[in-house]
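First up is the structure itself, then whatever we jot down about it.
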Protein chains: 2
Amino acid sequence: MTNASQEVMQPAVQSVQSFDAWMAAVQATMEQALSSFLPDAAQAPQELHQAMRYAALDGGKRVRPLLAFAAGELFAAAPQQLQRAAAAVEMIHAYSLVHDDMPCMDDDALRRGKPTVHVKFGQASALLAGDALQAQAFLVLTDGAGDADCKLAMVRLLAQASGSLGMCGGQAIDLASVGLHLSRQQLEQMHRLKTGALLRAAVLLGALSGKLLTPTEEQALDRYAAGVGLAFQVVDDILDATADSATLGKTAGKDAADNKPTYVSILGLDASKALAEQLRQDAHAAILSFGDKAQRLRELADLIVQRKA
Amino acid sequence: MTNASQEVMQPAVQSVQSFDAWMAAVQATMEQALSSFLPDAAQAPQELHQAMRYAALDGGKRVRPLLAFAAGELFAAAPQQLQRAAAAVEMIHAYSLVHDDMPCMDDDALRRGKPTVHVKFGQASALLAGDALQAQAFLVLTDGAGDADCKLAMVRLLAQASGSLGMCGGQAIDLASVGLHLSRQQLEQMHRLKTGALLRAAVLLGALSGKLLTPTEEQALDRYAAGVGLAFQVVDDILDATADSATLGKTAGKDAADNKPTYVSILGLDASKALAEQLRQDAHAAILSFGDKAQRLRELADLIVQRKA
């Protein structure tokens, strides 16, 4: 009985594992899930599918899938549905990186230590691969078992999080703010959309893979996601100012070189570090009521603030 | 009783109207619907929302919404759901034009007689506006009344039609075929994906706004959409070779200048015209069993083949 039930929950929702082992299991599961949810590289049009797979596979810390799996653990979500939810969010994230790296945006040649998609496949293919990854994300959410209302709620959440009042909106504000002096409040609003919206979607889609949420549950997860989302960006800014390109796997010091406002440029390094720690504690406080089941969410908040890359 | 029922069906599904009046009503309805389904231009981030509205509003023949409304008429679809379905397809179409016009793709400065989005708003905003329009399309499908299974089927159809095995895939094949000699079969496969997939989605989403389809109904509509979709492209190629830029509202003769294979370059002008006429008749034959209710679908097939721009 115990074995059978453990098997169903395999491989990512085992509280007995160490955090590192749990993370590695989720990352391995997601690599496999993403690969299976993307068209085969040998299927026509091959170059497009190769570019999509290059963008989404074999890279990244999978922070969003980790958040989705940790939130799914709260409500004993079925692994298959959790994988779909996490993969959809990760595909949106992957497409946003592809487009963000293009010459007309951030013009970055290096991502996760590899040539960016437009450097490897050309700009037109990068544009199309990003577009097709976005469509694939929504497609993945409609597949598999599960309640139609729950799935539709996921489609809705993901569309909101990635659209003009979410991620795309944040990127537009980011673009418009180059060379401007932003207040801390304006910077926070920008990041709340640019990265926060999708991190929130990861948490909520993970939880929705288990069940429709009560307002109280959603509010607690929202507060957690807000803290973690902002902490993620503050730490990104700290690392951009302090780490080297080899450690980051992308060009360090780029924000300063591009004259972009950052937490470090507005608050200074020490105050930025103190803010990240405060946000970590806020995230912990938000999910206190979930008790032991929220262990992975707590550990993820710690990881996001204490990471070195 | 009759009045009340007519009011519910207002303004687009009245068989008593002339075809021209029906078209004008659908176009006016869709302009209003698209406007209401897009974020206000005054809402932050303003420039992004302005670019999205510029891309989607005030332009185009609205062929896809017309197809959706004509198909919805078969199954007495409720206007509100039909508008959402048609708007979602049109937003996908609008985003694809924005990205397709960018310098790294077709590099076109003129669209529907107006400067293209990247010319007016810059490339970065055009990229983001296209991305956000895609997300908005899926968001619109989740809103409003209607059965969750039906809505989910629409999300699924639209994601398939616009992704790597639909529209984006067709564009990738199109890109890869510049300067190559394609067979008629290869050209047809390219267009079946590039424009055909979304035209098919328009027909099926319109019908799904009325009810879930039987296999026989879906098959008939599929055959109709295949004929109309291919005819649309054959006529596009004929017009590109024969009309002037002012009439088209976009740069004429561009395919030949770009060394792209077209029906005219492969079959010649006369055989292309004969093919378009054959496809028109195929489309009529496919929907014969629907009887009088399919009048608008028949008229649209005629319009698509006989249009001058």
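Per-structure values
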| read-out | value |
| --- | --- |
| B:LEU180 being outside any helix (DSSP H, G or I) and within 8 Å of chain A (Cβ to nearest Cβ) | no |
| From A:LEU158, A:LEU127, residue being part of a helix (DSSP H, G or I), under 25 Å from A:LEU300 (Cα atoms), in contact with a helix residue (DSSP H, G or I) (Cβ under 9 Å, 6 or more places away or on another chain) and at the interface with chain B (Cβ under 9 Å from one of its Cβ atoms) | A:LEU158 |
| Search result, residues across the stretch B:161-177 that are more than 7 Å from chain A (Cβ to nearest Cβ) and within 15 Å of the chain's Cα centre (by Cα) | B:ALA161, B:GLY166, B:MET167, B:GLY170 |
| Sole residue being surrounded by 21 or more Cβ atoms within 10 Å (Cβ to Cβ), away from chain B (no Cβ under 14 Å) and at pLDDT 90 or above, chosen from A:LEU193, A:LEU204, A:LEU198 | A:LEU204 |
| Residue list for the stretch B:274-292, filter: of a type outside the set (Gly, Ala, Ser) and modelled with pLDDT of 95 or more | B:LEU275, B:GLU277, B:GLN278, B:LEU279, B:ARG280, B:GLN281, B:ASP282, B:HIS284, B:ILE287, B:LEU288, B:PHE290 |
| Number of positions in the stretch B:138-152 that are crowded, with 19+ Cβ neighbours inside 10 Å, at the interface with chain A (Cβ under 8 Å from one of its Cβ atoms) and in contact (Cβ under 8 Å) with a residue 40 or more places away in the chain | 2 |
| Restricting the stretch A:28-61 to residues that are within 13 Å of the chain's Cα centre (by Cα) and assigned to a helix (DSSP H, G or I), the residue that is farthest from the other protein chains (Cβ to nearest Cβ) | A:MET30 |
| Filter result (among the basic types (Lys, Arg) and either out of contact with any helix residue (DSSP H, G or I) (no Cβ under 9 Å at 6 or more places or on another chain) or under 30 Å from A:CYS104 (Cβ atoms) (or both)) within the stretch A:258-280 | A:LYS260 |
| Odd one out for B:GLN219 among (1) closer than 24 Å to B:SER164 by Cβ; (2) modelled with pLDDT of 95 or more | (1) |
| Search result, residues across the stretch A:185-209 that are within 17 Å of A:ALA70 (Cα to Cα), among the polar types (S, T, N, Q) and either within 12 Å of the chain's Cα centre (by Cα) or part of a helix (DSSP H, G or I) (or both) | none |
| Condition broken by A:LEU48, with the remaining ones in (1) within 23 Å of A:LEU204 (Cα to Cα); (2) surrounded by 24 or more Cβ atoms within 10 Å (Cβ to Cβ) satisfied | (1) |
| Every residue from the stretch A:102-124 that is at the interface with chain B (Cβ under 8 Å from one of its Cβ atoms), among the aliphatic types (A, V, I, L, M) and without any contact (Cβ under 8 Å) to a residue 24 or more places away in the chain | A:ALA124 |
| Residue match in the stretch B:120-132 (condition: closer than 20 Å to B:PHE37 by Cβ, in contact with a Gly (Cβ under 7 Å, 6 or more places away or on another chain) and modelled with pLDDT of 95 or more) | yes |
| Residue count for the stretch B:254-307, restricted to those that are of a type in the set (Lys, Arg), closer than 26 Å to B:VAL178 by Cα and not in a helix (DSSP H, G or I) | 1 |
| Selected residue (only one of A:MET102, A:MET91 is under 25 Å from B:LEU128 (Cβ atoms), modelled with pLDDT of 95 or more and in a helix (DSSP H, G or I)) | A:MET91 |
| Residue count, the stretch B:62-92 (criterion: within 8 Å of the chain's Cα centre (by Cα), surrounded by fewer than 24 Cβ atoms within 10 Å (Cβ to Cβ) and in contact (Cβ under 8 Å) with a residue 60 or more places away in the chain) | 1 |
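The values are calculated or read from the model by the stated rules, or taken from the named source; none is laboratory data. Everything numeric here is computed off the predicted structure, so don't read it as measured data. Glycine gets a Cβ as well: all are built from the backbone with ideal geometry, and neighbour counts include every protein chain shown.
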